[in-house]
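Read the structure below first, then the notes.
The values are calculated or read from the model by the stated rules, or taken from the named source; none is laboratory data. As the structure is a prediction and not an experimental result, all values here were calculated from the model. Every residue, glycine among them, receives a Cβ derived from its backbone with ideal geometry; neighbour counts consider all protein chains shown.
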Amino acid sequence: MKIKQIGIVLVMVFMGTQLVAQSTIQDIVKEGVQYHDNGEYEKAIEIYKKALKINPKSPLVNYELSFSYIKEGDYKQAINHSDIVINQNAEYMIPAYITKGSALDMLGKTKESIKLFEKAIKKTNGHFLLYYNLALNYYKLNDLDKAEENVIKAIEQNPNHSSSHLMLANINNQKKNTVQTLLATHYFLFLEPDSERSLGAYQMLQENFGGNVSKDENKPNTINITLTTNKDNDFGAAELMISLLEASKTLEENEGKTEDEMFIKNTDSFFTMLGELKKKKNKGIWWVFYTTFFYDLAKSEHMEAYCKYISQSGNENSRKWLDGNETKLSDFGNWLKRY
């Protein structure tokens, strides 16, 4: 056999061996993932170690190991295996950064975790999950401005990441920014209307819409409105109008309307009001993203479906409505597809 032919045969044998090894690793990892998903992290780690013997530097195996270790509570091992992935600049690098950053945070090294995420963002040109986890660390340190700055970047990269909208809502709720809290909460509930987190978000929505309106016990026909100082004049005007909308429940024209009917009416008015307040000079996520979407929604015929959809976690009437109005819900879905 000629030397050239021998070389070709050896290459083919080598490639075939690599493919078999890769296939074996993937099969082993698949088994480990099943244990992990069932919460059996120790068994998952044992399985992954078998795959590691085939290829100790496998980005897939080392990432899965780091993920199971962090769930198991072994944060140092989670960091070790994350580093193997990160140092290769290979696939699974971003989730490895997230796992390592989370492990550092759990070890009480939140500031070190922040530096890691900032480095990762520069290295990878950013990713919404890196921005989100960076924001989460700043939030834990109560640096609300930095948290808000980074979670907004996460939303800009992935508007469908519901957790980012919820964090933005919580940040502004702490800042006592009523309008911003409402907008972010609305969008979170639009993305995630029926989860364990949705009920708390729905309650936050209710508390912010008219939470500063109270009746005077000594004067039955008197309503008190308490306003917070808002640096944004446009939002200051919007906050006042929200209070007036809540107070309008007592007006004769609304007599006999249910709480559900008033929720739809006032939500529609809130979105419309913000849309009309928007000016060309207004930039940023609040006006360009949230207000634009909700104003277009208010001008559609689907406000009832929207309100029922987002309130299903905390309102039994909404759940019943959804069950009995599949056509309206479908029409709303079709509108969203065209939007």
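Report yes if some residue within the range 288-295 is crowded, with 20+ Cβ neighbours inside 10 Å and either touching a strand residue (DSSP E or B) at 6+ places or on another chain (Cβ under 8 Å) or β-branched (V, I, T) (or both); otherwise report no.
Yes, the conditions are met somewhere in the range 288-295.
Would you mind finding the one in K320, K283 that is under 20 Å from T258 (Cα atoms) and without any contact (Cβ under 8 Å) to a residue 24 or more places away in the chain?
K320
For the range 55-99, give me each residue that is surrounded by fewer than 21 Cβ atoms within 10 Å (Cβ to Cβ) and among the charged types (D, E, K, R).
Within the range 55-99, K57, K71, E72, D74, K76, D83, E91 meet the criteria.
Would you call T272 in the same structural domain as N317 (by TED's automatic domain parsing) and modelled with pLDDT of 90 or more?
Taking the combined requirement at face value, the residue satisfies it.
Kindly evaluate E64 against the criterion of being closer than 26 Å to K153 by Cα, assigned to a helix (DSSP H, G or I) and out of contact with any strand residue (DSSP E or B) (no Cβ under 7 Å at 6 or more places or on another chain).
So E64 does not fit the description; no.
Of the numbered conditions (1) surrounded by 16 or more Cβ atoms within 10 Å (Cβ to Cβ); (2) touching a residue at least 12 places away in the same chain (Cβ under 8 Å), M106 satisfies every one except a single condition; which is it?
Status for M106: all satisfied but (1).
Counting only residues that are over 17 Å from N55 (Cβ atoms) and among the polar types (S, T, N, Q), how many does the range 70-81 have?
1
I'd like the residue in the range 138-156 that is in contact (Cβ under 8 Å) with a residue 24 or more places away in the chain and under 19 Å from W287 (Cβ atoms) and, out of all such residues, is surrounded by the most Cβ atoms within 10 Å (Cβ to Cβ).
A154
Name the residue that is surrounded by the fewest Cβ atoms within 10 Å (Cβ to Cβ), counting only residues in the range 172-201 that are without any contact (Cβ under 8 Å) to a residue 40 or more places away in the chain and more than 24 Å from T292 (Cβ to Cβ).
E196
How do the pairs read when you match residues in the range 70-92 that are part of a loop (DSSP other than H, G, I, E, B) with residues anywhere that are among the charged types (D, E, K, R), using Cβ under 8 Å and keeping only pairs 6 or more apart or on different chains?
Q88/K57
Among (1) over 24 Å from F294 (Cα atoms); (2) not in a helix (DSSP H, G or I), which single condition is L136 missing?
Of the numbered conditions (1) over 24 Å from F294 (Cα atoms); (2) not in a helix (DSSP H, G or I), the odd one out for L136 is (2).
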